Amino acid sequence: MSTPLDILTSDLLRYPLLIAVLIGLTAPVVGTYLVQKRLSLLGDGLGHVALTGVAAGWLVGAWLSVTPMDLLAIPGALAASVIGALLIEYVREVSHTSRDVALAILFYGGIAGGVVIIQLAGGTSQNLMAYLFGSLSTVTGPDAAISTVLAVVVLLIGVGLSGLLAAVTADEEFARASGLPVRTVNVLIAVMAALTVTLSMRIVGALMVSALMIVPVAAAQHLVVGFARTMRTAMAIAVVCALGGLLLTVYVDLPPGGVIVLMTIGVYVLGLLVRALRPARPVPAVGGPGPGRTPAPAAGTRATPHDG
């Protein structure tokens, strides 16, 4: 039986383990902003669009006679998901189309485009399965390199600009009135989601990557209070679940993406139980100053979305 050291140093798992850690770090960072903006399904929409990019990569690879044929699949997914992220913001602002309609267009258009284009490339819908649900055997060194670059970009934006991003996502109208670059921030968040979808496709799969963005954040909200604490806790949950789910599939023949997502849901349920069993905090009295009484916040006072 393989020892943990053998697993960590094996050629088969070296790159998947690296990508699993990167997914665990980046997906909750993006998910924290998406939950705040009530855009939890954006990752799903971009995942579907990324399938069109995968198929387009296959088609270009077939035209150029590259080997293997899916060499350009991940670059194609990256291009398609970024374009899709920009389009959804453009459609929402220019045509005043609601977010759910724009996401529905991404859902259906992405799936339809992927199936049609992969057929034109000489492949079948089965060729998309590894990208839909994730696969360890298809991860290569170039995939790990691309994922590392994408993860660094997402973390630099999502963590480095967390104060600005949190201020805009907490109250977009107030941020616009304060002169903050709301449109630029919205585009940055959408692009970060696109990059995260692309780096997660090989392990988690395009159809389930959104769960790794959202569920750890939802679980963290049951355990801690505050924007920054929620983000850090969600990152820890996602890293543990990504590594744990990936290592479990070494011993049990199960799809890694499904196992990882089920583990995050298990943590979410555990968070619900912890919150239900936690003693309720006493509500301070509101009124004028006096013994045992706390002054009410002034009208219009806003709680800061970002804490230390």
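The values are calculated or read from the model by the stated rules, or taken from the named source; none is laboratory data. Computed from a predicted model, the values in this text were never measured in an experiment. Here Cβ is always computed from backbone atoms with ideal geometry, including for glycine, and neighbour counts include all displayed protein chains.
Structural remarks
- Elements of type helices (runs of 4 or more DSSP H) in the stretch 206-290, at least 3 residues being at pLDDT 85 or above and among the acidic types (D, E): none
This table checks each residue for (1) touching a Gly at 6+ places or on another chain (Cβ under 9 Å); (2) among the aliphatic types (A, V, I, L, M).
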residue	(1), (2)
Y15	yes, no
T26	yes, no
Y33	yes, no
K37	no, no
V49	yes, yes
V54	yes, yes
M69	yes, yes
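- When V139 is tested against (1) part of a helix (DSSP H, G or I); (2) under 30 Å from W63 (Cβ atoms); (3) touching a helix residue (DSSP H, G or I) at 6+ places or on another chain (Cβ under 7 Å), just one condition goes unmet, and that condition is (1).
- None of G109, G53, G113 is closer than 22 Å to G257 by Cα, small (G, A, S) and touching a residue at least 24 places away in the same chain (Cβ under 8 Å) except G53.
- Here A177 meets each of (1) buried (at least 24 other Cβ atoms within 10 Å of the Cβ); (2) at pLDDT 85 or above with one exception, condition (1).
- All of L72, L46 fail the test of being hydrophobic (A, V, I, L, M, F, W, C), assigned to a helix (DSSP H, G or I) and touching a residue at least 40 places away in the same chain (Cβ under 8 Å), apart from L46.
- Once the stretch 181-205 is narrowed to residues that are in contact with an Asp or Glu (Cβ under 8 Å, 6 or more places away or on another chain) and part of a helix (DSSP H, G or I), the residue that is nearest to G43 (Cα to Cα) is A190.
- Of all the criteria given as (1) crowded, with 24+ Cβ neighbours inside 10 Å; (2) more than 17 Å from L199 (Cβ to Cβ), the one not satisfied by G43 is (2).
- Meets criteria (farther than 18 Å from A85 by Cα, buried (at least 18 other Cβ atoms within 10 Å of the Cβ) and small (G, A, S)) for A238: yes
- Among the residues of the stretch 107-128, those identified as at pLDDT below 75 and not in a loop (DSSP other than H, G, I, E, B) are S125, Q126, N127, L128.
- Among the residues making up the stretch 246-270, those that are touching a residue at least 40 places away in the same chain (Cβ under 8 Å) and within 20 Å of the chain's Cα centre (by Cα) are L246, P255, P256, G257, G258, I260, V261, T264, I265, V267, Y268.
- Residue identified as modelled with pLDDT under 85, under 24 Å from L150 (Cα atoms) and β-branched (V, I, T) among T97, T52, T26, T9: T9
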